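J.: Below are the structure tokens for one structure; questions will follow.
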Amino acid sequence: MKELKVRLLVIIPAFNEEASIGGVIASVKRHAPEADIVVVNDGSIDATAEVATRAGATVLSHLYNMGIGATMQTGYKYAGRYGYDVAVQVDGDGQHPADSIRFLVDTLVKNRADLVVGSRFLGEGDYKPSLARSTGMAIFSKVVSAVIKVKVTDTTSGFRAAGKRCIDFFSSRYPDDYPEVEALVLLHKKGFSIMEVPVTMSERASGHSSITPVKSVYYMVKVLLAIFVDLLKRV
């Protein structure tokens, strides 16, 4: 794929990812050399910031852990302040395929979409979530698809490309806690266009997910309530 004619920023949210962050940055540089990279270090107590700096990324550090919503909003504020056309979220745990960054961005640009989400459930793939997670994902997919009137198969995917209008919106408004699902509803209410493309994600390069079966149920209930509240209030 030829080089994209946009100013591209890759935002990597990271919390205690010293074991994987260097490899993630190297992979982004290899597959999307035209992109600038900012790592938003969310109050890590390990060497995440130091490793990311040595790997050549710009590092923005929170003084304490603020959660993924605040972390991504910091990244979007940076993207907006420095005039980037597209911002791509790539998680710091190594799950998101850097070789698909250009695919997401190219789809966004060609279709003039506001947000393109990389889905683990379109096309071929071997991603197999736990029963609790798969149940929650299926419910989110049905609810969000019904709300935004566009079929979305992977509402919890954090691998996504946002255009300039979306960057501006997320700079001023981004959901807290586990924001990926709720963000889709907010974008729909503002009239933004959303697309999905198939991607194949890897297992975490290091560490363990913090989402246990009990937390999955709590997360599902919490996000569903947030969605319905969003439907009732003005954005």
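J.: Which of Y64, A98, V51 sits closest to the plus end of the dipole of the range 30-113, meaning its Cα is farthest towards the positive end, when Lys and Arg get +1 and Asp and Glu get -1 on the C-beta?
T.: Positive-end residue among those listed: A98.
J.: Then there's this: With 10 Å bins from zero, work out the P(r) of the chain over every alpha carbon pair and list the percent per bin.
T.: 8, 34, 40, 17, 1
J.: Once the dipole of the chain is set up with Lys and Arg at +1 and Asp and Glu at -1 on Cβ about the Cα centre, which of V116, Q89, V10 lies farthest towards its positive end?
T.: It is V116.
J.: I need the phi-derived Karplus couplings for the range 45-58: 6.51 cos²θ - 1.76 cosθ + 1.60, θ = phi - 60°, integer Hz, Gly and Pro marked x.
T.: After applying 6.51 cos²θ - 1.76 cosθ + 1.60, I find 9, 9, 9, 3, 4, 5, 5, 5, 5, 4, 7, x, 8, 6 Hz.
J.: Another question, then. With the Cα gyration tensor of the range 38-163 giving a ≥ b ≥ c as the square roots of its eigenvalues, does the rule (a/c under 1.5 for rounded; else a/b larger than b/c for prolate; else oblate) give rounded, prolate or oblate?
T.: Prolate, since a/c reaches 1.5 and a/b exceeds b/c.
J.: Can you sort S145, S119, S193, S172 so the residue with the fewest Cβ neighbours within 10 Å comes first?
T.: Taking fewest neighbouring Cβ atoms as first place, the list is S172, S145, S193, S119.
J.: Is there a quick way to get the dipole size of the range 2-60? I mean about its Cα centre, with the Cβ of Lys and Arg at +1 and of Asp and Glu at -1; what is the value in debye to the nearest 20?
T.: In total the dipole reaches around 400 debye.
J.: Follow-up question, since we're still on this one. With charges set only on the Cβ (+1 for Lys and Arg, -1 for Asp and Glu), what does the dipole of the chain come to about its Cα centre, in debye to the nearest 20?
T.: That gives the chain a dipole magnitude of about 920 debye.
J.: Within 10 Å, count the other beta carbons around each residue, average over each peptide in 67-79, 148-160, and list them highest first.
T.: With the highest mean Cβ count within 10 Å placed first, the list reads 67-79, 148-160.
J.: Say the dipole of the chain comes from +1 at the beta carbon of Lys and Arg and -1 at that of Asp and Glu; which of S27, N41, T74 then lies farthest toward its positive end?
T.: T74
J.: Mind telling me which of Y64, Y84, Y219 comes out most flexible in a GNM of the chain, alpha-carbon contacts under 10 Å?
T.: Y64
J.: A further question follows. What ³J(HN,Hα) values, in whole Hz, does the Karplus curve 6.51 cos²θ - 1.76 cosθ + 1.60 give for the range 78-85 when θ = phi - 60°, with x put for Gly and Pro?
T.: 4, 4, x, 4, 9, x, 6, 7
J.: Tell me the label-point distance for the pair D99, S145, using the 7 Å Cα-to-Cβ offset, in nm and rounded to one decimal.
T.: Output for this residue pair reads 2.9 nm.
Every number in this text was worked out from the coordinates using simple rules, so none of it is lab data. Treat the numbers as computed from the prediction; the structure is a model and nothing was measured. Every residue, glycine as well, gets a Cβ built from its backbone with ideal geometry; the counts of neighbours run over all protein chains shown.
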